[in-house]
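Here is the structure we will look at, set down as structure tokens.
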Amino acid sequence: MGRFGALRQFFMLTAIALIVGIGRPAAADGPATILDGNHPDEAADVVGAAVASPTQPLAMRITMALRNRDDLARLLADQQDPSSAQYHRWLTPDAFTSRFGPTDADLARVTRWLRKKGFTVNSADASTREVSFTGTVAQAQNVFGVKIAASTDGRLYSNISDPAVPAALAPVVESIRGLDNLLHSMPLARRVSKPAPSASSPASIVNNAGPAFGPPDIYTFYNETPLLNLNIDGGGTGTRCIAVVEDSNIDAPAADAFDTQFGLPALTDTNFSAVLVDNTDPGLNVDKDETMVDVTYAHAVAPGSSIRMYLGDQKHTSSSAILDAIHAAVTERNSPCSAISISFSFCGGSKGFYKTQNGFFAQAASQGQSLFIATGDDGAAGLKLNSRGCVAGTSRNVNEIGASPNVTAIGGTEFTPNYLGGNDDGFVSETVWNDGDGAAGSGQSKFFKKPAFQKGLIKKDKNRDVPDISFGASPATPGFFYGGRDGNTPAVVCCIGGTSLGAPAWAGISQLISQLNNAPIGNLNARIYQLGALANAAKTGIRDVTSGNTNFNGVTGFSAMTGYDKASGWGTVDMGLFVPAYLGP
């Protein structure tokens with residue numbers, strides 16, 4: 001649907017809303033306040049003109065607003081300022097809730113109002129900042145003053161305007177989810193098949209597949225070997241664990257095959273665990289490749305670190321399995337992990353949705369958690385929602401959850417390595433990943449303003465740019481081995497890639513720094529930008545990427561250049577130099 005078609009549909013839906021008498025909340029509640037940005041941008045394009053069935057049940061959640069936001073902003077800055085008394089003094093989840101979460105009185109006010117309006121309140125939790133409740137379409141339309149439209153088959157539905165709540169409650173309500181079902185998540189791993197190598201190939205071959213990179217090649221190419229030789233492997237008292245966010249379980253025998261092939265420690269009950277955030281196990285499903293990449297490459301880069309998999313189950317949640325897993329990793333009260341890797345993108349989200357997630361990411365930063373999110377595999381086009389789900393956009397988009405200033409956004413590169421005796425022979429120059437299998441996500445956020453660490457880098461650019469930094473991503477050049485199946489047999493298979501590989505790898509890098517620091521380091525962004533601005537790879541370990549672009553799906557992207565750019569961020573790293581430089585003066 002074109003822009004004018006969307007406008008026609010919007011006005012038609014608005015007219016229908018007026019005809020059926022849907023307005024703002026009843027006067028008995030007093031003045032109302034509209035919650036800005038709380039309906040999906042794609043609603044008019046995806047849903048039809050039909051009104052959703054009034055009796056259709058809805059499972060909804062109110063996210064309570066953070067308190068003392070100015071104090072939180074100051075704290076986050078001070079925690080990364082070596083001259084501050086708050087430097088690296090991290091909060092516990094309980095301390096965060098006490099200082100910045102909702103009060104018991106505010107939760108009680110919201111739950112009383114919902115019950116008064118006829119909703120069934122299922123839970124109200126200050127630590128997750130959520131009130132879960134159920135009702136019907138008719139109730140939601142009447143109470144929140146919205147029209148909920150549906151597709152012709154009724155499969156998709158959404159409010160087409162922002163909801164309203166009583167003005168007295170508006171300061172404590174951040175957003176409402178569940179008035180639509182348009183939010184989708186998408187894993188960012190890209191799998192390809194390479195032709196069998198020739199018998200004379202000198203390159204890295206495993207099980208007659210390749211050539212491709214495995215962990216030893218990464219150690220050489222990104223110069224992690226000197227750190228591993230010093231037993232800097234992500235273990236020790238300074239680190240807690242790496243959290244990976246998933247919606248498919250791991251293929252344990254395939255992971256064992258990968259670890260055995262490349263000499264990694266086996267994943268056992270002592271260094272690997274799973275948290276079933278929706279209380280059920282989704283088993284192995286179509287997203288299993290993503291889980292395998294996230295677990296095995298976090299483990300490869302930080303073999304001494306433990307890994308905790310936060311596992312959502314889409315069949316048993318009224319929300320998003322990935323969203324449930326993200327929130328669980330942040331609000332975990334039992335020794336939360338010091339690094340979080342997220343290799344998923346969302347489409348169908350609203351401005352309010354992304355702003356709400358930023359609140360959770362701010363909590364993670366205040367707790368000393370280093371958070372890494374892949375920028376996506378569709379170049380500057382990013383993802384948009386249509387009736388089939390997430391597809392490559394036809395205009396510029398970014399993975400907005402990775403555009404939070406409290407997140408380190410990871411882009412992707414490609415390169416043609418030199419092999420010697422079956423292993424990588426050292427660093428070669430990298431270019432921005434952009435081949436027939438995908439392209440590194442990049443661009444400018446629509447919702448987040450320019451953070452302090454990015455100011456002055458790009459003229460006439462007022463919003464947050466991504467990525468911050470990159471890692472190898474192409475599934476073809478060089479391509480990466482992973483644990484999978486050869487028929488029904490667990491095996492190392494080839495090849496996989498995507499920016500999803502960089503998120504767990506960078507989570508591993510942060511664990512190396514935390515081990516050397518003997519304590520978690522929190523959000524890496526301020527320090528990455530300080531080091532990048534020095535433009536001295538020999539001292540900082542930041543390798544500038546100066547070629548390639550993110551043009552994709554007919555959308556003009558961004559080109560790499562000297563220094564920071566919206567194609568590769570600051571580039572990639574030499575771990576042996578970057579890890580100690582991060583903790584240097």
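Descriptive notes on the structure:
- Applying the set (1) touching a Lys or Arg at 6+ places or on another chain (Cβ under 8 Å); (2) surrounded by 24 or more Cβ atoms within 10 Å (Cβ to Cβ) to Gly393 leaves exactly one unmet item: (2).
Conditions tested, residue by residue: (1) in contact with a strand residue (DSSP E or B) (Cβ under 6 Å, 6 or more places away or on another chain); (2) farther than 18 Å from Ala65 by Cα; (3) among the polar types (S, T, N, Q).
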site	(1), (2), (3)
Ala85	no, yes, no
Arg89	no, yes, no
Asp94	no, no, no
Arg112	no, no, no
Ala140	yes, yes, no
Ala164	yes, no, no
Val173	yes, no, no
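- Residues located in the range 499-525, provided they are surrounded by 22 or more Cβ atoms within 10 Å (Cβ to Cβ), in contact with a helix residue (DSSP H, G or I) (Cβ under 7 Å, 6 or more places away or on another chain) and outside any loop (DSSP other than H, G, I, E, B): Ser500, Leu501, Pro504, Ala505, Ala507, Gly508, Ile509, Leu512, Ile513, Asn525
- Subset of the range 454-494 (residues that are open to solvent by 50 Å² or more (accessible area, probe 1.4 Å) and among the aliphatic types (A, V, I, L, M)): Leu457
- The condition of being of a type outside the set (A, V, I, L, M, F, W, C) and open to solvent by 20 Å² or more (accessible area, probe 1.4 Å) holds for Thr280.
- For the range 526-562, the candidate set comprises residues that are in a loop (DSSP other than H, G, I, E, B), of a type in the set (Gly, Ala, Ser) and open to solvent by 20 Å² or more (accessible area, probe 1.4 Å); within that set, the residue that is farthest from Leu383 (Cα to Cα) is Ala535.
- Test: residue in the range 88-107 that is crowded, with 20+ Cβ neighbours inside 10 Å, within 23 Å of Asp29 (Cα to Cα) and of a type in the set (A, V, I, L, M, F, W, C): yes
For (1) of a type outside the set (S, T, N, Q); (2) touching a Phe, Trp or Tyr at 6+ places or on another chain (Cβ under 8 Å); (3) closer than 18 Å to Lys355 by Cβ; (4) touching a residue at least 40 places away in the same chain (Cβ under 8 Å), each residue gets a yes or a no:
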| residue | (1), (2), (3), (4) |
| --- | --- |
| Val121 | yes, yes, no, no |
| Phe133 | yes, yes, no, yes |
| Ala140 | yes, no, no, yes |
| Ser151 | no, yes, no, yes |
| Ser161 | no, no, yes, yes |
| Val172 | yes, no, yes, yes |
| Gly178 | yes, no, yes, yes |
| Leu183 | yes, yes, yes, yes |
| Met186 | yes, yes, no, yes |
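- Conditions (1) open to solvent by 10 Å² or more (accessible area, probe 1.4 Å); (2) touching a helix residue (DSSP H, G or I) at 6+ places or on another chain (Cβ under 7 Å); (3) within 26 Å of Gly483 (Cα to Cα): number failed by Val293: (1)
- Some residue of the range 418-432 being buried (at least 23 other Cβ atoms within 10 Å of the Cβ) and part of a strand (DSSP E or B): yes
- Residue within the range 197-208 that is in contact (Cβ under 8 Å) with a residue 60 or more places away in the chain and either at positive phi or in a helix (DSSP H, G or I) (or both) present: yes
- Count - residues of the range 542-585 that are β-branched (Val, Ile, Thr) and closer than 18 Å to Glu414 by Cβ: 5
- Test: Asn406 is open to solvent by 10 Å² or more (accessible area, probe 1.4 Å) and without any contact (Cβ under 8 Å) to a residue 12 or more places away in the chain: no
- Which numbered condition Glu42 misses (of (1) under 24 Å from Glu400 (Cα atoms); (2) of a type in the set (Asp, Glu); (3) out of contact with any Cys (no Cβ under 8 Å at 6 or more places or on another chain)): (3)
- Any helices (runs of 4 or more DSSP H) falling wholly within the range 86-175 and containing at least 1 residues that are of a type in the set (A, V, I, L, M) and closer than 30 Å to Ala73 by Cα: 93-100, 104-116
- For the range 116-134, filtering for residues that are farther than 17 Å from Glu332 by Cα and either among the aromatic types (Phe, Trp, Tyr) or open to solvent by 20 Å² or more (accessible area, probe 1.4 Å) (or both) leaves 11.
The values are calculated or read from the model by the stated rules, or taken from the named source; none is laboratory data. Not measured: the values here are computed from a predicted model. Neighbour counts run over all protein chains shown; Cβ positions are idealised from the backbone, glycine included. Just so you know, the surface numbers come from the protein's heavy atoms only, side chains and all, with ligands and any DNA or RNA stripped out. Shrake-Rupley method; radii C 1.70, N 1.55, O 1.52, S 1.80 Å.
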